[in-house]
Amino acid sequence: MQIVLAYAASAREVHEVALELPAGTTVGQALAASGWLERYPEIDTASLGVWGRKASLEKPLRAGDRVEIYRPLRVDPKVARRERFAKQGAGTAGLFARRRSGAKAGY
């Protein structure tokens, strides 16, 4: 069966490799077969998924699966959004950016 491994080592740098593996191979065995555990040691503590759904190392793979290796987040997405919103200013972003003349604030 053929599977694809995908890993973004950093922003705008995506590595993909297609592997031909025997049926019944697990996520952990696919990682070991790819050689990426030696090439990218940080993968050892990373989260894994198959087609965007979290998966463990023991999950068996099916033909055509895409195994994804997720980096840890550097910033909480909620905090990042709040900071962007504060930087843009409350009146220039989101629902309040285009206000009709004479309309009440927030509508």
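Each reported figure results from applying straightforward, stated rules to the coordinates on display, with no laboratory input. Please read all numbers here as calculations on a predicted model, not as lab measurements. Cβ placement follows ideal geometry from the backbone for every residue including glycine, while neighbour counts extend to all protein chains displayed.
Could you give me the percent of Cα pairs per 10 Å distance bin for region 2-70, shortest bin first, beginning at zero and ending with the bin that holds the maximum distance?
Per 10 Å bin, starting at zero, the Cα-Cα P(r) for region 2-70 comes out as 21, 63, 16, 0 percent.
Calculate for the chain the 222 nm mean residue ellipticity that helices alone would give, adding -39,500 (n - 2.57) per DSSP H run of length 4 or more and normalising by residue count, nearest 500 deg cm²/dmol.
-6000 deg cm²/dmol
Pick from Arg12, Arg62, Arg39: which is most flexible by mean-square fluctuation in a GNM of the chain where alpha carbon atoms under 10 Å apart are linked?
Comparing Arg12, Arg62, Arg39 in a Gaussian network model of the chain, the most mobile one is Arg12.
Round to the nearest 10 and give me the degree value, 0 to 90, for the angle of helix 77-88's Cα axis relative to the longest principal axis of the chain.
30
Suppose the chain between Ser56 and Tyr40 were pulled fully straight at 0.36 nm per residue; how much longer would it get relative to their current alpha carbon spacing?
3.9 nm
In nm, to one decimal, how far is the Asp76 label point from the Arg100 one, both placed 7 Å along Cα→Cβ?
3.8
At 0.36 nm per residue, minus the direct Cα-Cα distance, what do Ser47 and Met1 gain on full extension? Give it in nm, one decimal, please.
Full-extension gain reported as 14.2 nm.
Rounded to the nearest 0.05, what FRET efficiency do Ala63 and Glu16 give with R0 = 30 Å and r taken as the Cβ-Cβ distance? Could you check?
Numbers: r = 17 Å, r/R0 = 0.56.
Efficiency, from the Cβ-Cβ distance: 0.95.
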